[in-house]
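Undergrad: A single structure is presented below for examination.
Every number here is computed from the coordinates shown, using simple stated rules; none is lab data. Because the structure is a prediction, the values reported are computed rather than measured. Virtual Cβ from ideal backbone geometry, glycine too; neighbours counted across all protein chains shown.
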Amino acid sequence: MIIDFRKVVPYTHFMSLDEIQKAFSEGYMRGYTLSAYGKGDLMPQTRLTVEDMLRDMEEGGTDYAILQGEWDIGDYRRQNNAVYNLVQKYPDKFIAGYLCLNPAEDDDMVKVIEQEVRERGFKGVNMQPWAQRLYANDKRLYPVYSKCQELGITVTIHTSINFSADRPIDYGRPVYLDEIACTFPELTIVANHGGWPWVNELVAVAWKHHNVYIEIGAISPKYIGTAGSGWETLVRYGNTLLQDQVLFATDNMLPLKRCVDELKDLPLKDSVKEKWLGGNAARILGLDK
């Protein structure tokens with residue numbers, strides 16, 4: 001079984017093309033455009049449709065995906081509506097929907113979670129604290145983590161570099177997850193993007209806390225297996241002690257088939273490859289029962 005743990009709801013399903021253009025050329029997300037392409041051209045992912053995603057899943061031999069809202073741009077409410085509608089329309093492919101939040105809004109985010117989970121069946125929350133210039137362990141976010149632990153749903157947190165030139169990369173350091181895991185030991189925490197360039201730090205946090213998972217979305221697996229890339233510790237410990245805590249994902253950034261093929265070429269035990277590709281995700285989703 002292959003499960004893409006993180007596919008972001010397509011921008012085209014909750015924003016107009018003008019809104020997308022403005023967000024990626026004028027807003028703080030322009031750093032991602034410039035870092036990826038240099039010329040200021042919009043990333044191809046901004047024009048992605050759900051049909052493109054489903055075709056990618058078919059070509060990559062992927063059974064399921066988790067569809068996530070990601071509050072970096074646009075209205076978080078529209079994103080959650082789009083996630084919900086697409087999960088309802090394609091339940092055989094999108095096995096779960098994760099909602100997003102904007103703590104900068106006046107809305108009571110704890111009530112938002114309660115309502116979305118109980119009334120619309122969301123299975124997790126995706127957090128992007130760096131977008132609000134918050135650290136993941138900011139106490140203002142603790143009510144969110146507490147509610148997620150109470151409801152038994154997963155929290156995914158951006159844990160890696162960000163490419164916005166107006167805020168430091170330190171917001172994404174894995175060490176801040178350590179405090180969260182200490183405070184909420186029953187909360188399933190997924191560190192998005194593998195923690196690079198602090199891979200050793202994230203491996204240490206995951207080794208300490210069995211409720212912390214390392215997700216490798218938006219990373220080409222061939223680089224994870226390349227010496228000198230900074231991923232060596234994940235390959236070593238992910239093949240042994242942490243083999244049950246690594247999750248495959250694409251984040252819509254790379255073709256699924258390419259990522260699956262590259263992961264299968266990594267120097268991992270065959271049984272471990274199966275866990276990374278879907279077995280560990282299936283356990284989080286309760287598909288192994």
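Undergrad: In Å, what Rg and Dmax follow from the Cα atoms of the stretch 211-282?
TA: 11.0, 31
Undergrad: As a test of the formula, what do you get for the chain when each DSSP H run with n ≥ 4 contributes -39,500 (n - 2.57) and the sum is divided by the residue count, at 222 nm and rounded to the nearest 500 deg cm²/dmol?
TA: So the calculated ellipticity at 222 nm is -11000 deg cm²/dmol.
Undergrad: At a 10 angstrom cut-off on C-beta neighbours, averaged per residue, how do the peptides 164-174, 89-99 rank from highest to lowest?
TA: 89-99, 164-174
Undergrad: Among THR240, THR159, what is the fewest-to-most ranking by other Cβ atoms within 10 Å?
TA: With the fewest neighbours first, THR240, THR159 line up as THR240, THR159.
Undergrad: Quick check for the stretch 1-140: number of Lys pairs with alpha-carbon distance under 19 Å, counting only pairs 8 or more apart or on different chains?
TA: 8
Undergrad: Longest span of the chain, sites excluded, free of GluC sites (Glu not before Pro) in DSSP loop with at most 10 other C-beta atoms within 10 Å?
TA: Longest site-free region, per DSSP loop and neighbour criteria: 27-185.
Undergrad: Given 0.36 nm per residue, what is the gain on full extension from HIS13 to TYR142 after removing their alpha carbon distance, in nm?
TA: Stretched out fully, the HIS13 to TYR142 stretch lengthens by 43.4 nm.
Undergrad: With no solvent and one point per C-alpha, what does the Debye sum give as log10 I(q)/I(0) for the stretch 72-120 at q = 0.13, 0.19, 0.23 Å⁻¹?
TA: These q points yield log10 I(q)/I(0) values of -0.31, -0.63, -0.87.
Undergrad: Another question, then. Taking 0.36 nm per residue of separation and subtracting the Cα-Cα distance, what length does fully extending ASN200 through GLN88 add?
TA: Length difference between fully extended and current span is 36.4 nm.
Undergrad: Turning to a different aspect of this structure: Given points 7 Å out from each Cα along the Cα-Cβ axis, report the TYR223 to MET1 separation in nanometres with one decimal.
TA: Going by the 7 Å Cα→Cβ label model, 3.0 nm.
Undergrad: Follow-up question, since we're still on this one. Across every pair of different alpha-carbon atoms, what Kirkwood hydrodynamic radius in Å does the stretch 127-254 reach?
TA: 14.7
Undergrad: Under a point spin-label approximation (7 Å from Cα along Cα-to-Cβ), what is the ASP288-ASP265 distance to one decimal in nm?
TA: Those two pseudo-labels are separated by 2.8 nm.
Undergrad: Along the Cα→Cβ direction, 7 angstrom out, place labels at GLU179 and GLU26. What is the inter-label distance in nm?
TA: Between GLU179 and GLU26, the label points sit 3.6 nm apart.
Undergrad: Which whole-percent values make up P(r) of the chain when all C-alpha to C-alpha distances are grouped in 10 Å steps starting at zero?
TA: Distribution as computed: 7, 30, 39, 22, 2 percent.
Undergrad: If the viscosity is 1.306 mPa s and the temperature 10 °C, what Stokes-Einstein diffusion coefficient in µm²/s follows for the stretch 1-136 when Rh is the Kirkwood radius over Cα pairs?
TA: Diffusion coefficient, whole number: 101 µm²/s.
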